[in-house]
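Structure record follows, encoded as structure tokens.
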Amino acid sequence: MAEPASRNLSPNEVFQLKVFAEYSDGNRRDVTDGSAFQSNDSTLAAPAGDGKVKAGTLPGEAAIMARYMNHIAVCNVIIPLPGKVPDETYEKLPRNNEIDDLVWK
């Protein structure tokens, strides 16, 4: 299992990904040092050695795969667009049905 299972990052931020093996006898062991890491999009987030993951400069979403022996775990990494959209922008969006009215109330 990979911890955390998902993480939001700022551009260029680095965080520590941990990998744990859970054995049939109930024991749990940190196997980060013996794990291999790979990104599905290294421009967004990439392994940076020793279980660390570094976000790129672009917003988006990437998956970091951690492999230990024949087991795989994934951590989803999200780099959101900077800033906040003002509530007024959402209030001005068209409402085409009763579902839209419920969502924006």
> Restricting attention to segment 91-101, does a residue exist that is assigned to a loop (DSSP other than H, G, I, E, B), of a type outside the set (Ser, Thr, Tyr) and at pLDDT 90 or above?
Replying inline: no
Within segment 1-29, the residues that are in contact with a Phe, Trp or Tyr (Cβ under 7 Å, 6 or more places away or on another chain) and farther than 30 Å from residue 83 by Cβ are 1, 19, 21, 28, 29
Among the residues of segment 63-100, the number that are without any contact (Cβ under 8 Å) to a residue 60 or more places away in the chain and within 14 Å of residue 17 (Cα to Cα) is 5
_Among the residues that make up segment 54-66, is at least one of them over 12 Å from the mean Cα position of the chain (by Cα) and of a type in the set (Gly, Ala, Ser)?_
yes
For segment 3-31 the number of residues that are without any contact (Cβ under 8 Å) to a residue 24 or more places away in the chain and either touching a Pro at 6+ places or on another chain (Cβ under 6 Å) or under 16 Å from residue 69 (Cβ atoms) (or both) is 8
A careful count of residues in segment 50-91 that are over 17 Å from residue 7 (Cβ atoms) and of a type in the set (Gly, Ala, Ser) gives 1
Per the list (1) β-branched (Val, Ile, Thr); (2) without any contact (Cβ under 8 Å) to a residue 40 or more places away in the chain; (3) in contact with a strand residue (DSSP E or B) (Cβ under 7 Å, 6 or more places away or on another chain), residue check on residue 43 breaks on (3)
Flagged in segment 81-94 as within 11 Å of residue 10 (Cα to Cα) and either acidic (Asp, Glu) or surrounded by 10 or more Cβ atoms within 10 Å (Cβ to Cβ) (or both), in numbering order, are none
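The values are calculated or read from the model by the stated rules, or taken from the named source; none is laboratory data. Here the structure is a predicted model, which means the values were calculated and not measured. With ideal geometry, Cβ positions are generated from the backbone for all residues, glycine too; neighbour counts draw on all protein chains shown.
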